[in-house]
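Only the coordinates and a few stated rules stand behind these numbers; no lab work does. Bear in mind the structure is a predicted one, so any value in this text is a computation, not a measurement. Here the Cβ positions follow ideal geometry from the backbone for every residue, glycine too, while neighbour counts run over all protein chains shown.
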Amino acid sequence: MKVHDRLSQLSGEIAEAQTALRIVEEQLAFVEEVAEDARIRALVSETPLADREYRDAQGDLDRMRRSHHDAQVRIEELRTEQDRLLERIFEEGR
């Protein structure tokens, strides 16, 4: 694949990854609220069911935070590849 073609492809992949990251960020905000509500209910009610709901919500939050981190890492990987290709084009143009 030619460098210019790959750069074009990367541009689209970065745009898609950024859109996915924004979606994950919205979901993360929602899950954080759910987990906080569950935490408060568990503190107030002190029942086994409320404790379990809190643990479940916390597990969901942990998974969502990992997804958020993974999305950020993916964007960084794509940008790093893009930078390498741009440097290659610059060096070839000298």
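General remarks:
- Residue match in segment 64-73 (condition: aliphatic (A, V, I, L, M) and outside any helix (DSSP H, G or I)): no
- Among the residues making up segment 17-50, a single one is surrounded by 13 or more Cβ atoms within 10 Å (Cβ to Cβ), within 12 Å of the chain's Cα centre (by Cα) and among the acidic types (Asp, Glu): GLU25.
- Evaluation of VAL73 against (1) under 25 Å from MET1 (Cβ atoms); (2) of a type in the set (A, V, I, L, M, F, W, C); (3) surrounded by 13 or more Cβ atoms within 10 Å (Cβ to Cβ); (4) without any contact (Cβ under 8 Å) to a residue 24 or more places away in the chain (one fails), failing number: (3)
- Some residue of segment 36-56 being within 30 Å of LEU78 (Cβ to Cβ) and either assigned to a helix (DSSP H, G or I) or in contact with a Pro (Cβ under 9 Å, 6 or more places away or on another chain) (or both): no
- Boolean, SER11 is among the hydroxyl-bearing types (Ser, Thr, Tyr), out of contact with any strand residue (DSSP E or B) (no Cβ under 9 Å at 6 or more places or on another chain), within 30 Å of GLY93 (Cβ to Cβ) and touching a residue at least 24 places away in the same chain (Cβ under 8 Å): yes
- Just one of the listed residues (LEU85, LEU49, LEU43) is hydrophobic (A, V, I, L, M, F, W, C) and in contact (Cβ under 8 Å) with a residue 24 or more places away in the chain, and it is LEU85.
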